[in-house]
1. Collect the residues in the range 1-57 that are exposed (fewer than 12 other Cβ atoms within 10 Å of the Cβ) and touching a strand residue (DSSP E or B) at 6+ places or on another chain (Cβ under 6 Å), keeping them in residue-number order.
2. Among 102, 110, 150, which is buried (at least 19 other Cβ atoms within 10 Å of the Cβ) and either modelled with pLDDT of 80 or more or out of contact with any strand residue (DSSP E or B) (no Cβ under 7 Å at 6 or more places or on another chain) (or both)?
3. Inside the range 1-64, counting only strands (runs of 3 or more DSSP E) that do not spill past its ends, which hold 2 or more residues that are modelled with pLDDT under 95?
4. If you go through the range 58-79, how many residues are within 19 Å of residue 2 (Cα to Cα), surrounded by fewer than 22 Cβ atoms within 10 Å (Cβ to Cβ) and either in contact with a helix residue (DSSP H, G or I) (Cβ under 6 Å, 6 or more places away or on another chain) or free of Cβ contacts under 8 Å to residues at least 40 places away in the same chain (or both)?
5. Identify, from the list 79, 87, the residue that is at pLDDT 85 or above, in a loop (DSSP other than H, G, I, E, B) and closer than 17 Å to residue 55 by Cα.
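The values are calculated or read from the model by the stated rules, or taken from the named source; none is laboratory data. Since the structure is predicted, the reported quantities are computational estimates derived from the model, not experimental observations. Cβ coordinates were reconstructed from backbone atoms using ideal geometry, including for glycine residues, and neighbour counts include every protein chain displayed.
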């Protein structure tokens, strides 16, 4: 399994994968425009020249980043790909000097295995007023917020 940064040629496949999960209500949809604008955030899990999964690390503030749009193809799930992508995002955050990484998810147990702890969403004002306010589920969000903090 190879983890690499996304390229422009990956965007349509990323869009398709994320929005397959979004149609089932398992994650928020992402537009092609949003994906192109945030391409530098995305990592790709690739095997035999085929994208198996994607994940993004989005920086929100000097000390806060978000892992978003984690999606692994159904037939490739339960093989450690999602965990590998999350760990790569955490490593990247640490290298950038960001000491807190959060996620909003419907699958909190997955992230708890990696060391994330539950958090009240109200403790994430940068997220709420930056992204959440534009979400169709706002203010009735049913995702769980979790945070990972690097030991200083």
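1. 2
2. It is 102.
3. Output list reads 50-61.
4. 6
5. Result: 79 is the single residue among 79, 87 that is at pLDDT 85 or above, in a loop (DSSP other than H, G, I, E, B) and closer than 17 Å to residue 55 by Cα.
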